[in-house]
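Here is the structure we will look at, set down as structure tokens.
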Amino acid sequence: EKAYPQFAESAFYKKLSSIIISASFDFSIDAIVLLNAAVVLIQSYPVLSGKSSSQENPKFKDGLLDTGWELAELVFTVIYAIEMTLKLLLMGWKKYTSSVRNIFDGFVTVMAVFATILVYYPDSYYNSQLIRFVVMSRVVRIFRLFMLVGPFALVGKTFLGVLPAAARVFSLLFCVVYIFSAIGMHFFGGLVTRDPNNSVSYLLEGTSFADNFYWANNFNDLLSGINVCFNLLVINNWNEMESGIIAVSQSKWSRYFFFFFFVCGVIIVNNLVVAVVIDYFFSELEAEREEVKEDKEVIGGLKKLTGNGKVIIFDGSKSLTKKRGQYIAKVRRNVTGQQQKKIMSQLIP
């Protein structure tokens with residue numbers, strides 16, 4: 001619009017702009033995504049039904065556009081690239097990247113174009129499945145359609161409102177897992193091994209730990225320890241992992257490590273996290289139901305612009321600042337819906 005103002009004022013540009021930014025255009029792209037998902041499902045059905053990937057059409061790996069499926073993948077990639085290009089030209093980079101959905105769609109589109117060039121450019125890599133997997137990731141956008149259904153939209157909006165509060169209690173749970181992982185590394189690090197030159201490796205023979213191939217569940221490093229603690233947290237065959245640690249440590253006192261983690265991690269902290277999340281969820285759900293009933297809400301002379309009181313416009317002379325003029329107030333993202341309404345109600349005395 002700055003470089004070519006005359007073209008920006010033309011009827012064609014205005015018409016194109018109104019089409020691209022309309023809800024109908026987004027619904028059309030969503031319909032194409034649904035068709036994309038159907039094509040991917042049909043194409044992947046032989047593998048999903050239990051057939052070996054080696055039984056697939058060998059033409060998929062020859063680097064040529066000689067099958068209808070490959071042509072369909074290319075068409076979807078071109079459509080997504082055109083959509084991204086038009087939105088960037090009409091909306092600009094700053095406005096385009098202000099939407100998380102646009103960032104996700106743009107990233108997948110760029111990766112799909114890169115994969116298409118990599119596959120069909122004459123070189124040693126020809127497997128077109130790469131394009132299918134990249135484009136398939138865009139199918140996640142289908143979940144947006146659930147937000148068009150009232151009950152799903154209400155639950156989805158409530159879930160997003162709970163995330164900031166849930167993040168705090170999940171941080172506590174992560175700290176517990178981290179501490180016990182570090183303790184496990186100190187006492188059991190390096191004991192679980194398959195090295196035949198290490199005498200400790202023979203101690204695991206005949207245990208349920210070795211019979212179930214749980215070799216990756218160890219405390220040899222921090223990430224492996226976190227993996228073990230997560231399995232213990234969801235009570236996933238913890239007795240098999242315990243049998244392995246007891247065998248290599250050669251001490252039944254090792255059971256107290258698992259006992260204390262079960263008490264601290266599962267009974268106390270994990271149940272606390274679940275209780276807090278459920279409590280926040282139902283509180284947010286009730287608040288969202290009240291918002292649905294109230295199309296407009298006036299708090300102390302403030303007119304709400306968006307749902308849940310996140311953004312309002314107000315007259316500064318009526319606020320604590322005593323400044324004249326119209327101002328916009330936004331609530332930070334890391335608070336729940338009820339906290340947002342409380343903050344907004346306190347803005348005007």
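None of the figures in this text is laboratory data; all of them are computed from the coordinates on show. Just so it is clear, the model here is predicted, and its values are computed rather than measured. Positions of Cβ are generated from backbone atoms using ideal geometry, with glycine treated the same way; all protein chains shown enter the neighbour counts.
In what sequence, highest mean first, do 108-116, 165-173 appear when ranked by Cβ atoms within 10 angstrom?
108-116, 165-173
May I ask you to compute the full-extension gain from Ser49 to Asn198, defined as 0.36 nm times their residue separation minus their alpha-carbon distance, rounded to one decimal in nm?
Using 0.36 nm per residue and subtracting the Cα-Cα distance, I get 49.3 nm.
Using the Cβ atoms and a cut-off under 14 Å, what net charge is assigned to the surroundings of Val228, where Lys and Arg are +1 and Asp and Glu are -1?
-3
With label points built 7 Å along Cα→Cβ from the Cα atoms of Asn220 and Trp253, find their separation and express it in nm.
Computed distance between label sites Asn220 and Trp253 equals 2.6 nm.
Just order 14-26, 222-234 by mean Cβ neighbour count inside 10 Å, highest at the front, would you?
The packing order, highest mean first, is 222-234, 14-26.
What's the ranking of 183-189, 198-204 by average number of surrounding C-beta atoms within 10 Å, highest first?
Ranked from most to least packed, the peptides come out as 183-189, 198-204.
Quick one: length gained pulling Val139 to Ile235 fully straight, 0.36 nm per residue minus the C-alpha distance?
Full extension of this stretch gives 31.3 nm more.
Extension gain Ala11-Phe114, at 0.36 nm per residue separation less the Cα-Cα distance, in nm?
Length gained, Ala11 through Phe114: 33.6 nm.
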